[in-house]
Each structure stands twice: as C-alpha cells, then as structure tokens.
Amino acid sequence: MINDTKREIKRHEHQFAGKHHEIDYLEYEEKKSSHLIVVLSGFNGKEAQGTPARYNYMRTLQDIKINKLFIKDEVDEVPVYYMGTEGTYSYMEDVCALIEQKLSDMNISKEQLIIAGSSKGGTGALLIGLEIGAGHIISAANQLNVGTYLSTMNAKLQDMMFTKMIGHNEPAAKDIADSRFREKLLVDDTNSRIYFHGGNQDTHYRQHMVPLLRHLDDRGILYELDLRGYVGHDNVKYYFPEYFIRKVREIISSTSLERPRIEAKRDATEIEVKVNNPTEHTDWAIYVYRKDGKITKIMYNKDHIHTVPLAYDAIKSVKVFLRVNGEKKRTINYSV
C-alpha cells in the first residue's frame, strides 16, 4: 500500500514556481467535471523530526469524478499554515495564484471551486477560500487563533514555525500570528458558501470554531455546521470523511450557475447562461447594467442564449439570477 501510494504521488505530483515559493501539489484532471476541489493538508504529527508534509484525503476522494488538486504546506520542510514567511501572506498569495492558474487552464469558474481541509488544512481552506472567493469552503476542526494554538505545541516545533512564519520566536510572535489570521478569517461579508464540521467535545471547537461562528452570526453570514458528538481533536479523522464525501457529492450534483459567456456581436452583445444540472423547474433571469446607469432586464426564462441590443462597450456588468422551483438559489455578478 505504501509503495502504491508513492507511485501514485510520483505520477501526479508537480511543482508550481510561485512569486515567493515553490509549491508541491498533486493534480487529477476529470475532463467531464465542471468543478475543481482543492484539498489542503493538516499536520502529520512528525514535523519537529523533519518529516515532510503529506497530502490528505486522497483515498477519501478517489471515487468522486471531479478535478482535484492536493496542495502541500511547507517552506524548507516547515509548515507555514498556508500563510507565509516573515510575517507576510507570501504562501497564501502563491497558493491562490496556483489555483487561479488551474481554474483558467480547466475553464472552471470560482463559483465551481471547492476548497477543503481539516485542522490546519481547515484553517488553510478558510484562509485561501475567503481570499480567492471560492464558491464553496469545507472546513473541519479549524483554528482561529493560530498563534495561541501553536504555543501549546512542543518547544522545537514552536521555534521552527514561529521563526519561519513570523521571522522570530519572541513572546510577541504568538499575538502576531493570532492577529494575522484573525485579520483574514473574521470577514464582514463573503459570497462563499461555508460548511463546517466539528466535534462538540473537541477543544478546537470550543476555543476556535465557536468564536468564529459567533462572528459570522453577528455579520449575518450563513453557514452549515455538521456538529458531531465526539471527544478529542484526533477523532476528526474518523468522523469528517463521511460528511466530506457527502457534501462534495451534494455540491457537484446540485443545480448551479457558471460564469456566463458574454461576447460582442457587431452592435449587440450575446449572453450565454451556463447552468449545471438543471431540472425541469429551473429558470433564470438576466440584468444588464449599463454604463449610463440604466438596466436592461431579461425576465425569468429557460433560453441559454440571449442577444441584447447594446454594444459590448456600453455594458458595465451582467447579473444572472438562478431559480429552482420558483425559489432564487444563486446569483452571479460579472463585470465586463
């Protein structure tokens, strides 16, 4: 099994040369899929001994037909929580650049992007997903105050990670790390759909997830919480995969919008609405926002292609409203 896994990794592993870092990742392409899932890794438990980062949930997702990226989290074999080095967001920026390049290569919109992980990977999923504007974020047993969490680990790992991430391991490093993550995770608004998993007797749920969820509640940001009755952070590996698989299958089989195609056609503009898994009772409306402040409306219908008697250059943005069984499900606002 170990040798099989090594051969599998060798066949699919690549390296992305980012602006700041070289990032190792696995790529699996599924040409018939209109979604991309990106999985970020948690701790392997032996970082202090110099054990390299590992990819997570490869076997969990092996039977799901979807484009997949598995991205490692390490700089010089030291985890950086998908944030960066020297107190910056350098690794986050490069991971976002890698994902955006793959979205472009695969012609997949951000609305069809799923970013997922558990523990450190769950924190990374929120960090990267919120930054890039992913359509879906699946985060299990994540941390909010990362510096506080790291300060509970063994001294060698603390020194390695604080020095790499913050630039030093002085007493202030803990608060700096907490502040950097809170700055990115405690958002006031997002279009991402967020799905959380946690154990009600896991200290990570009480100490990290509850404050984050309360913040989202206060801002009116909706999310889904799969809260299970188990004790201990390590048990996430037994309870999360079932929810993870179910949620991914639900997302990729649901009726959803892709980014519309908008092209100039002489003195007019052609708009093609793209819908995944439409049902008999699915329809959509289009609002075309003009640069002169006026709005051209195409009311709910089932036609995919519409020609608007406006020059392409006269259009500021296009918004598509998706409706299923008479209930509005999703909107996409696309700037021209």
query = Given 308, 288, 336, 324, which one is within 16 Å of residue 109 (Cα to Cα) and either crowded, with 16+ Cβ neighbours inside 10 Å or touching a residue at least 60 places away in the same chain (Cβ under 8 Å) (or both)?
reply = 336
request  = Test residue 60 against the stated conditions and say whether it is touching a residue at least 60 places away in the same chain (Cβ under 8 Å), in contact with a helix residue (DSSP H, G or I) (Cβ under 8 Å, 6 or more places away or on another chain), closer than 30 Å to residue 155 by Cβ and not in a helix (DSSP H, G or I).
outcome  = no
inquiry  = I'd like to know if the range 38-45 contains one or more residues that are at pLDDT below 90 and either open to solvent by 50 Å² or more (accessible area, probe 1.4 Å) or in contact with a His (Cβ under 6 Å, 6 or more places away or on another chain) (or both).
reply    = yes
key: Subset tally (residues that are among the hydrophobic types (A, V, I, L, M, F, W, C) and surrounded by fewer than 18 Cβ atoms within 10 Å (Cβ to Cβ)) for the range 89-105   = 1
request  = For residues that are farther than 21 Å from residue 183 by Cβ and assigned to a helix (DSSP H, G or I), tally how many sit in the range 71-106.
outcome  = 8
task = With the condition kept exactly as written, say whether any residue in the range 214-226 is buried (at least 16 other Cβ atoms within 10 Å of the Cβ), under 25 Å from the mean Cα position of the chain (by Cα) and under 28 Å from residue 51 (Cβ atoms).
result = no
key: Pairs, first more than 17 Å from residue 156 (Cβ to Cβ) in the range 167-179, second at pLDDT 95 or above and open to solvent by 70 Å² or more (accessible area, probe 1.4 Å), C-beta under 8 Å, six or more apart   = 167/86
note = Of the residues in the range 49-70 that are over 17 Å from residue 15 (Cα atoms) and among the charged types (D, E, K, R), the one that is surrounded by the most Cβ atoms within 10 Å (Cβ to Cβ) is 65
query = From the list 74, 86, 29, which one is among the acidic types (Asp, Glu), open to solvent by 40 Å² or more (accessible area, probe 1.4 Å) and farther than 27 Å from residue 249 by Cβ?
reply = 86
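Residues checked against (1) of a type outside the set (Asp, Glu); (2) modelled with pLDDT of 95 or more; (3) assigned to a helix (DSSP H, G or I):
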position: 138; (1), (2), (3): yes, yes, no
position: 153; (1), (2), (3): yes, no, no
position: 162; (1), (2), (3): yes, yes, yes
position: 169; (1), (2), (3): yes, yes, no
position: 182; (1), (2), (3): yes, yes, yes
position: 198; (1), (2), (3): yes, yes, no
position: 212; (1), (2), (3): yes, yes, yes
position: 215; (1), (2), (3): yes, yes, yes
ask   = For the subset of the range 197-213 comprising residues that are touching a helix residue (DSSP H, G or I) at 6+ places or on another chain (Cβ under 8 Å) and without any contact (Cβ under 8 Å) to a residue 60 or more places away in the chain, which member is most open to solvent (accessible area, probe 1.4 Å)?
value = 203
ask   = Out of (1) open to solvent by 10 Å² or more (accessible area, probe 1.4 Å); (2) in a helix (DSSP H, G or I), what's the single condition that is false for residue 126?
value = (1)
message = Quick check on the range 52-62. Is at least one of its residues hydrophobic (A, V, I, L, M, F, W, C), within 26 Å of residue 136 (Cβ to Cβ), modelled with pLDDT under 95 and under 15 Å from the mean Cα position of the chain (by Cα)?
response = no
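The values are calculated or read from the model by the stated rules, or taken from the named source; none is laboratory data. What you see is a predicted model, and the numbers here were worked out from it, not measured in a lab. Positions of Cβ are generated from backbone atoms using ideal geometry, with glycine treated the same way; all protein chains shown enter the neighbour counts. Keep in mind that these areas ignore ligands, DNA and RNA; they rest on the heavy atoms of the full protein, side chains included. Shrake-Rupley method; radii C 1.70, N 1.55, O 1.52, S 1.80 Å.
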